[in-house]
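The next block holds one structure in the form of C-alpha coordinates; read it before the comments.
The values are calculated or read from the model by the stated rules, or taken from the named source; none is laboratory data. Fair warning: this is a prediction, and the values are worked out from it, not measured in the lab. Here Cβ is always computed from backbone atoms with ideal geometry, including for glycine, and neighbour counts include all displayed protein chains.
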(Lines give C-alpha, C1' and ligand atoms only; values in the text may rest on other atoms or scores of the structure.)
Protein backbone atom coordinates (compact mmCIF):
# COMPACT_ATOMS: atom_id res chain seq x y z
CA UNK A 1 0.00 0.00 0.00
CA UNK A 2 1.41 3.38 -0.98
CA UNK A 3 1.68 6.24 1.48
CA UNK A 4 -1.02 8.16 -0.37
CA UNK A 5 -3.47 5.24 -0.42
CA UNK A 6 -2.82 4.57 3.27
CA UNK A 7 -3.37 8.26 4.07
CA UNK A 8 -6.64 8.25 2.10
CA UNK A 9 -7.87 4.99 3.64
CA UNK A 10 -7.14 6.17 7.17
CA UNK A 11 -8.74 9.54 6.39
CA UNK A 12 -11.92 7.85 5.23
CA UNK A 13 -11.96 5.74 8.41
CA UNK A 14 -11.61 8.91 10.49
CA UNK A 15 -14.38 10.52 8.43
CA UNK A 16 -16.70 7.54 8.99
CA UNK A 17 -15.97 7.63 12.73
CA UNK A 18 -16.60 11.39 12.80
CA UNK A 19 -19.97 11.01 11.08
CA UNK A 20 -20.86 8.06 13.36
CA UNK A 21 -20.09 10.12 16.47
CA UNK A 22 -23.02 12.44 15.72
CA UNK A 23 -25.83 9.85 15.91
CA UNK A 24 -23.91 8.16 18.73
CA UNK A 25 -24.11 11.39 20.76
CA UNK A 26 -27.86 11.59 20.19
CA UNK A 27 -28.33 7.92 21.11
CA UNK A 28 -26.25 8.21 24.28
CA UNK A 29 -28.24 11.22 25.46
CA UNK A 30 -31.46 9.22 25.19
CA UNK A 31 -30.29 5.83 26.50
CA UNK A 32 -27.10 5.80 28.59
CA UNK A 33 -26.48 7.49 31.91
CA UNK A 34 -26.35 7.01 35.63
CA UNK A 35 -29.49 9.13 35.79
CA UNK A 36 -32.12 9.28 33.03
CA UNK A 37 -34.97 11.55 34.18
CA UNK A 38 -38.21 11.39 32.16
CA UNK A 39 -38.27 13.86 29.24
CA UNK A 40 -34.66 14.85 29.92
CA UNK A 41 -31.26 13.76 28.68
CA UNK A 42 -29.46 10.91 30.44
CA UNK A 43 -26.69 12.26 32.65
CA UNK A 44 -23.28 10.97 33.66
CA UNK A 45 -20.87 12.21 36.32
CA UNK A 46 -18.03 14.18 34.73
CA UNK A 47 -16.26 15.81 37.62
CA UNK A 48 -15.91 16.27 41.33
CA UNK A 49 -18.71 17.50 43.51
CA UNK A 50 -21.41 15.67 41.58
CA UNK A 51 -20.79 17.58 38.35
CA UNK A 52 -23.08 15.99 35.75
CA UNK A 53 -23.50 16.35 32.00
CA UNK A 54 -25.57 14.71 29.27
CA UNK A 55 -23.78 11.54 28.18
CA UNK A 56 -23.58 12.74 24.58
CA UNK A 57 -20.89 15.25 25.52
CA UNK A 58 -18.35 12.44 25.32
CA UNK A 59 -19.07 11.96 21.63
CA UNK A 60 -19.01 15.70 21.00
CA UNK A 61 -15.50 15.86 22.46
CA UNK A 62 -14.47 12.91 20.30
CA UNK A 63 -16.01 14.50 17.19
CA UNK A 64 -13.78 17.56 17.57
CA UNK A 65 -10.69 15.35 17.61
CA UNK A 66 -11.87 13.14 14.74
CA UNK A 67 -12.54 16.15 12.51
CA UNK A 68 -8.96 17.29 13.10
CA UNK A 69 -7.76 13.85 12.00
CA UNK A 70 -9.95 13.96 8.88
CA UNK A 71 -8.30 17.24 7.96
CA UNK A 72 -4.83 15.87 8.74
CA UNK A 73 -5.31 12.88 6.45
CA UNK A 74 -7.54 14.24 3.67
CA UNK A 75 -6.95 18.00 3.68
CA UNK A 76 -8.90 21.15 4.42
CA UNK A 77 -11.59 20.62 1.77
CA UNK A 78 -12.56 17.30 3.36
CA UNK A 79 -12.37 18.89 6.80
CA UNK A 80 -14.81 21.62 5.77
CA UNK A 81 -17.01 19.11 3.95
CA UNK A 82 -17.14 16.97 7.09
CA UNK A 83 -18.26 20.02 9.08
CA UNK A 84 -21.10 20.73 6.64
CA UNK A 85 -22.20 17.09 6.59
CA UNK A 86 -21.99 16.93 10.38
CA UNK A 87 -24.08 20.08 10.69
CA UNK A 88 -26.81 18.62 8.49
CA UNK A 89 -26.76 15.35 10.43
CA UNK A 90 -26.87 17.21 13.73
CA UNK A 91 -29.92 19.17 12.59
CA UNK A 92 -31.64 16.03 11.30
CA UNK A 93 -31.09 14.03 14.49
CA UNK A 94 -31.81 16.71 17.09
CA UNK A 95 -35.22 16.87 18.73
CA UNK A 96 -37.42 19.47 17.01
CA UNK A 97 -37.09 21.92 19.89
CA UNK A 98 -33.27 21.80 19.65
CA UNK A 99 -32.64 21.75 15.87
CA UNK A 100 -31.45 25.35 15.58
CA UNK A 101 -29.34 25.25 18.74
CA UNK A 102 -27.82 21.91 17.78
CA UNK A 103 -26.98 22.83 14.19
CA UNK A 104 -25.70 26.35 14.92
CA UNK A 105 -23.57 25.23 17.88
CA UNK A 106 -22.17 22.30 15.89
CA UNK A 107 -21.33 24.43 12.85
CA UNK A 108 -19.77 27.27 14.82
CA UNK A 109 -17.75 25.08 17.19
CA UNK A 110 -16.39 22.93 14.36
CA UNK A 111 -15.45 26.00 12.32
CA UNK A 112 -13.68 27.51 15.34
CA UNK A 113 -11.88 24.18 15.86
CA UNK A 114 -10.91 24.21 12.16
CA UNK A 115 -9.64 27.81 12.38
CA UNK A 116 -7.42 27.01 15.37
CA UNK A 117 -6.23 23.57 14.21
CA UNK A 118 -5.24 24.62 10.69
CA UNK A 119 -2.36 26.97 11.57
CA UNK A 120 -1.28 25.05 14.68
CA UNK A 121 -0.99 21.57 13.16
CA UNK A 122 2.46 22.33 11.75
CA UNK A 123 3.65 23.23 15.25
CA UNK A 124 2.66 19.85 16.63
CA UNK A 125 -0.28 17.52 16.27
CA UNK A 126 -0.98 16.96 19.97
CA UNK A 127 -0.83 20.68 20.76
CA UNK A 128 -3.03 21.53 17.76
CA UNK A 129 -5.65 18.91 18.69
CA UNK A 130 -5.68 20.00 22.33
CA UNK A 131 -5.88 23.75 21.60
CA UNK A 132 -8.45 23.52 18.81
CA UNK A 133 -10.63 21.07 20.72
CA UNK A 134 -10.51 23.26 23.84
CA UNK A 135 -11.69 26.30 21.91
CA UNK A 136 -14.31 24.26 20.02
CA UNK A 137 -15.77 22.56 23.08
CA UNK A 138 -16.12 25.82 24.98
CA UNK A 139 -17.79 27.46 21.98
CA UNK A 140 -20.12 24.49 21.51
CA UNK A 141 -21.11 24.38 25.18
CA UNK A 142 -21.82 28.08 25.53
CA UNK A 143 -23.62 28.49 22.21
CA UNK A 144 -25.75 25.36 22.52
CA UNK A 145 -26.89 26.08 26.08
CA UNK A 146 -27.61 29.73 25.34
CA UNK A 147 -29.57 29.04 22.14
CA UNK A 148 -31.40 25.99 23.49
CA UNK A 149 -32.23 27.17 26.99
CA UNK A 150 -31.24 30.83 27.33
CA UNK A 151 -29.06 29.83 30.26
CA UNK A 152 -25.49 28.76 30.98
CA UNK A 153 -26.37 26.91 34.19
CA UNK A 154 -24.89 23.61 32.99
CA UNK A 155 -21.88 24.97 31.11
CA UNK A 156 -19.31 23.56 33.57
CA UNK A 157 -20.55 19.99 33.14
CA UNK A 158 -20.69 20.38 29.36
CA UNK A 159 -17.12 21.69 29.18
CA UNK A 160 -15.68 19.14 31.60
CA UNK A 161 -17.46 16.22 29.92
CA UNK A 162 -16.16 17.15 26.47
CA UNK A 163 -12.68 17.89 27.82
CA UNK A 164 -12.52 14.46 29.48
CA UNK A 165 -12.95 12.78 26.09
CA UNK A 166 -10.44 15.07 24.37
CA UNK A 167 -7.85 14.39 27.07
CA UNK A 168 -8.52 10.66 26.84
CA UNK A 169 -7.62 10.74 23.14
CA UNK A 170 -4.27 12.48 23.57
CA UNK A 171 -2.17 9.31 24.11
CA UNK A 172 -3.60 7.89 20.87
CA UNK A 173 -2.93 11.20 19.10
CA UNK A 174 0.70 11.12 20.28
CA UNK A 175 1.02 7.51 19.09
CA UNK A 176 -0.46 8.51 15.73
CA UNK A 177 1.94 11.44 15.42
CA UNK A 178 4.95 9.20 16.05
CA UNK A 179 3.64 6.60 13.60
CA UNK A 180 2.99 9.27 10.98
CA UNK A 181 6.56 10.53 11.33
CA UNK A 182 7.96 7.00 11.06
CA UNK A 183 5.84 6.10 7.99
CA UNK A 184 5.87 9.52 6.32
CA UNK A 185 2.08 9.88 6.57
CA UNK A 186 1.85 13.41 7.90
CA UNK A 187 0.63 15.90 5.28
CA UNK A 188 3.26 18.50 4.50
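Details
- Checklist (1) without any contact (Cβ under 8 Å) to a residue 60 or more places away in the chain; (2) in contact with a helix residue (DSSP H, G or I) (Cβ under 9 Å, 6 or more places away or on another chain); (3) buried (at least 17 other Cβ atoms within 10 Å of the Cβ); (4) more than 21 Å from residue 96 (Cα to Cα) applied to residue 13, failing item: (3)
- Scanning the stretch 90-149 for residues that are over 18 Å from residue 174 (Cα atoms), assigned to a helix (DSSP H, G or I) and in contact with a helix residue (DSSP H, G or I) (Cβ under 7 Å, 6 or more places away or on another chain) yields a total of 34.
- Restricting the stretch 28-48 to residues that are modelled with pLDDT of 90 or more and in a helix (DSSP H, G or I) leaves a set whose member that is farthest from residue 168 (Cα to Cα) is 31.
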